[in-house]
Structures are given as C-alpha cells and as structure tokens.
Amino acid sequence: MPRKSAASTRRGKQARAKNVILLGAPGSGKGTLAKRLVNAEGLVHISTGDLLREAVKNNTALGKKAQEYMAAGKLVPDSLIIDLMNERLQKADCQQGFILDGFPRTVPQAEALDELLKKLNMNIDKVMHLSVDIDTVVGRMAGRMSCPKCGAVYHRTNIPPQKEGFCDQDGTALVERADDREETVRARFNVYLTQTKPLIDLYEKRGQLVTLDGSISPEATLERSLQVIAK
Ligand code: AMP
C-alpha cells in the first residue's frame, strides 16, 4: 500500500478536501505559491498555462490552436480552455482537493466553471487573490527560469537555484519562457487588467475572495495562504 503523506494524514482529519482558486496577474507568484501548497497540503495543482505548454510541446490539436495566442501574450479562446478544464476536473485526483492556477481568466470561464462544478458536485472553498503592481511583475519575470522536466520555478536573484542554470530537483538545464520578455509581460498585464480583474469583483460579491500581498516573500505568502485555507 502506498505510504500516506503528512498532508494526506492531516487532511484525513478534515471534513473534506479543499478547492482553491488563485487569481493574480502574470508574475504575481501564483505558480510558486501553488507548488508550495501542493507540498504543504497535498492539493492537486491545475495550471492551464502548464497544460497548454504541454500541448504545444507535444504538438497536439489544442497545442497548434493555442500556440499563436500564447506567444503574443493573448488569451486562448474560452471554448478551448473550457473543454480542457471539463476533461481535467473529471480526473480522479481532483477528489483530493485542487488549486486552480490561471483559470478562470474571464467572466465566461468563471460561469463555465460554475456549471462544471455543479455537474461534478464540487465547490470552491476559497479564492485567493495575489495583488502586485506592474513594476514588481516586470522585475520578477525578467529573471524567471523554470525546469522543463519538473516545472520548478526559479529567479536569478529572488529564488536562485543552488547551481546557476540548473534545477535543484533533477539537474536539468533551466529555460526562460518566450512570453516572459518585457514587451509581452506588459501586454499580458494589460490583458489581466481588462479580462481577469472583473473576476475579483465577482468573487468578492460572493464573499469568497481573500486578497494577499503578492509582493512579499514566497515564504510569507505561503504562511498567510495556509491560514486562509485552514479557516
Ligand atoms: P500562464 O502560465 O498562466 O501565465 O499562461 C500562459 C499563457 O497561456 C497565457 O498568456 C495565455 O495565452 C494562455 N492561458 C493560460 N490559461 C488561460 C486561460 N484560462 N484562458 C485563456 N488563455 C490562457
């Protein structure tokens, strides 16, 4: 029998698994926080950006359709993302609780998520919004690198790997994302302001939103978010 992780043992004492949405501009620290919550709470990390990058890498039908939008820093059409999430949320691992990172990103996506959750008899417990300004985002993304094998995220100055240019977990050479160039980062931030920010009002009205300061250290953000999830 597989050994139980500390997180799953802790969760066993809770009433049920937690489902969380992370909202925030590109570079607000959603991905880093999500990976730390996976380790701390045993939640499943569902990143539409990661799923799309995987589809592009494998040259699937979805990848071919998404590629151009992503390279330009634009959003991929809602219908493609909604189909992707419909499939992903039905996988068995979602029963252990999940973190949605990068979805929903538009009001139609949020409405489609409501429908999907209803169909699957699931709920969202918390919506955490990581708040940051554009200068912080540009500064962070300019030095961002990730591991193409395990997805670990580093930053040249903020979260440096032990050996420059290589992943601490598996020694793979780190890569920079094409859409982390300053010009594209600014375009993505503007897309966020127009298309995703309205979701903050939507979840606030529902009483589910908690805003965290996304410019503090990853450790402090994790600590604060664990308190929010535990409530
Ligand atoms: P991310 O890694 O979340 O910043 O996503 C990278 C890129 O993937 C975005 O700039 C979009 O082009 C695309 N993308 C990811 N999630 C979504 C979504 N929920 N809706 C539309 N496009 C998305």
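Quick note: the coordinates plus some simple rules give every number you see, no bench work behind them. The structure presented is a predicted model; accordingly, all values stated were derived computationally and were not measured. Reconstructed Cβ throughout: ideal geometry from the backbone, glycine too, with neighbour counts over all protein chains shown.
With K and R counted +1 and D and E -1, the other residues having a Cβ less than 14 Å from that of ASP135 yield a net charge of 0.
Which order results if CYS147, CYS94 are arranged by neighbouring Cβ count within 10 Å, fewest first?
Values: CYS147 20, CYS94 17.
Starting with the residue having the fewest Cβ neighbours, the order is CYS94, CYS147.
Structural descriptor for the chain: relative contact order 27 percent, calculated from alpha carbon pairs under 8 angstrom and at least 6 residues apart.
Quote the Stokes-Einstein diffusion coefficient, in whole µm² s⁻¹, for the chain, based on the Kirkwood radius over alpha carbon pairs, a temperature of 4 °C and a viscosity of 1.567 mPa s.
71 µm²/s
About the Cα centre of segment 110-231, what is the dipole size in debye to 20, counting +1 per Lys and Arg Cβ and -1 per Asp and Glu Cβ, all else neutral? Each step should come with its number before you reach the end.
On the way: 17 positive and 19 negative charges, 45 e Å.
About 220 debye.
If R0 is taken as 22 Å, the Cβ-Cβ distance between ALA71 and ALA142 corresponds to a FRET efficiency of 0.75.
Once you list every other residue whose beta carbon is under 12 Å from the beta carbon of ILE21, what net charge do they have if Lys and Arg are +1 and Asp and Glu are -1?
+2
A straight chain from SER217 to THR172 at 0.36 nm per residue would run longer than the Cα-Cα distance by 13.7 nm. For segment 213-220, putting each phi into the Karplus relation 6.51 cos²θ - 1.76 cosθ + 1.60 with θ = phi - 60° gives couplings of 6, x, 9, 7, 5, x, 5, 5 Hz, in residue order, rounded to whole numbers and with x for Gly and Pro.
Start at zero, step by 5 Å, and the Cα-Cα distances of segment 135-231 spread as 2, 11, 15, 16, 20, 18, 11, 5, 1, 0 percent across the bins. With an a/c value of 1.5 or above and a/b not larger than b/c for the gyration tensor axes a ≥ b ≥ c computed over the alpha-carbon atoms, segment 175-220 is described as oblate. Note on the chain: antiparallel DSSP beta bridges, both residues inside, total approximately 25 percent of the bridges counted.
May I ask for the net charge around LEU113, where only other residues with Cβ less than 15 Å from the Cβ of LEU113 are counted and Lys, Arg are +1 while Asp, Glu are -1? Intermediate results must be reported in sequence, preceding the final value.
Numbers: positive: ARG88, ARG105, LYS118, LYS119, LYS126, ARG206; negative: ASP78, ASP83, GLU87, ASP101, GLU111, ASP114, GLU115, ASP125.
Here the charged neighbours net out to -2.
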